[in-house]
Structures are given as structure tokens and as C-alpha cells.
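Worksheet: the structure to be examined is printed underneath.
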Amino acid sequence: MTRPDVLERLRGQLVVSCQADVGSPLRDPGVIARLAQAAEQGGAAGLRVQGFADVEAVRAVSALPLIGLTKTDRPDTDVYITPTAEEGVRLARLGCEIVALDATLRPRPEPLAGMFAAVRGAGALVMADIGTLAEAQAALAAGADLVGTTLSGYTPDSPHQSTPDWALMDALCSAGLPFVAEGRLNTPADAAQALSRGAQFVVVGSAITRPDVITRWFVEALRS
């Protein structure tokens, strides 16, 4: 599948993020693969998967386009979503059509342009996870194929809120920038609204694949 074909296949569609944090009962590549199969059975057009073992497990059971990433804690930076070109290239070679990485303007171990070039050279598209319009503009200028609103609300420079960052989506759309909506899209209505605001496609994770998080929403609502 060529790069343009991947984006066209995902346009207007749902990508399901199949991830589980350390300590979760779901934190097992075999379980993540089953979550991916369930998402595909439900109609997902693509999958977002974290970690080499999970990517391998999911790729073994699904031919859907994969957005791959790593989460690596480092003492020298707050950037932890695919912080190095080596990780991004490995994801591409494992079969990820798109590699996601942190493209915020925080200090990082490697320059973005070099990372983007390495990932694209390995045959994958680059999805730059950002939190602000300025970060999106910088990432696309550096060679990213598209940006994701993934990190809005999780960095010092972006607004912290319980709802999706509609203002950022509107700004990206107004600027004519290709973006993916991701982050706190907790209902089908949120996903549909993101598309109506110009998103290329929508990524949903917690509301579909994290029963511990969904349970916490109900528990906290009852307590309040």
C-alpha cells in the first residue's frame, strides 16, 4: 500500500488506539492483539499501537493500517512518544504504515527533521503528535505528513481541559493544515464533531479499549 493510499483509506474513518498501561490487567501483547481484532470486527479502519511487541502481535492478526509508536521514559527529556529515529525506523520496519512521535517544541534528544527523514526513508508516513498550532506548523515545515492533536492538554503550553481541544482543531482547519483528531474523544458524537471540524480521521482509545478508565468515569460520576 502506497503512502497516499493509506491516508485515503483512513480519510473520514475511525482508528482505534489499542494500548494498556503498565499495571493494567490488559498489559500483554496477546490481549492487545485481541483488542485490535475486536476493533476491526467493529469497523475500525486502522489501529494505533504502542511498543514493538504489541505492534508485532497486532500485525500478525490484522492487515489494517497501523500507527505505531513507543513510549520511552528518558532522564534527559519530557518527550516520550517515539523520542528517537531508531525507534521510529524499527516501527516502520515492523510494518507500521504510519509512525507517531512527539513533535512538541520541548527539548528533545534528536532534531525533528532528521527523525522525520529517517522514518520516511524506512517507508512510513510521519504523524506528528502536537499540542499547539505553532507546533503543528513547525512539524509540517520539518517534513511531517500530518499532525495529531494527541498532546493538547498534556504539555505546559497547551490548555488543560476535560473536553477535546475544539479550538485547536478549528485553528488547524482554518490554517489548512492536515490533522488527525485524538485526545479525550469520549463519545461517538465527539468523533463525528471532530470530522465536521476538518479532521482527516479520528483516533479513539480510552473510550473503546480501556475498561479501567471507563469504569473510573462511572465511579467518579456516582461519587459526585
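The values are calculated or read from the model by the stated rules, or taken from the named source; none is laboratory data. Since we're looking at a predicted model, the values are computed, not measured. Cβ: placed from backbone, ideal geometry, glycine included. Neighbour counts: every protein chain shown. These accessible areas exclude ligands, DNA and RNA; they are computed on the full protein's heavy atoms, side chains included. Shrake-Rupley method; radii C 1.70, N 1.55, O 1.52, S 1.80 Å.
Miscellaneous remarks
- Residues that are in a helix (DSSP H, G or I) and open to solvent by less than 10 Å² (accessible area, probe 1.4 Å) within segment 130-150 comprise GLU135, ALA136, ALA139, THR149, listed in sequence order.
- Where a residue in segment 9-24 is polar (S, T, N, Q) and its partner, wherever it lies, is at pLDDT below 95, with Cβ under 6 Å and at least six apart: none
- In segment 30-54, the residue that is surrounded by the most Cβ atoms within 10 Å (Cβ to Cβ) out of those that are in contact with a helix residue (DSSP H, G or I) (Cβ under 6 Å, 6 or more places away or on another chain) and of a type in the set (A, V, I, L, M, F, W, C) is VAL49.
- Any hit, segment 76-83, residues being crowded, with 22+ Cβ neighbours inside 10 Å and in contact with a Cys (Cβ under 7 Å, 6 or more places away or on another chain): no
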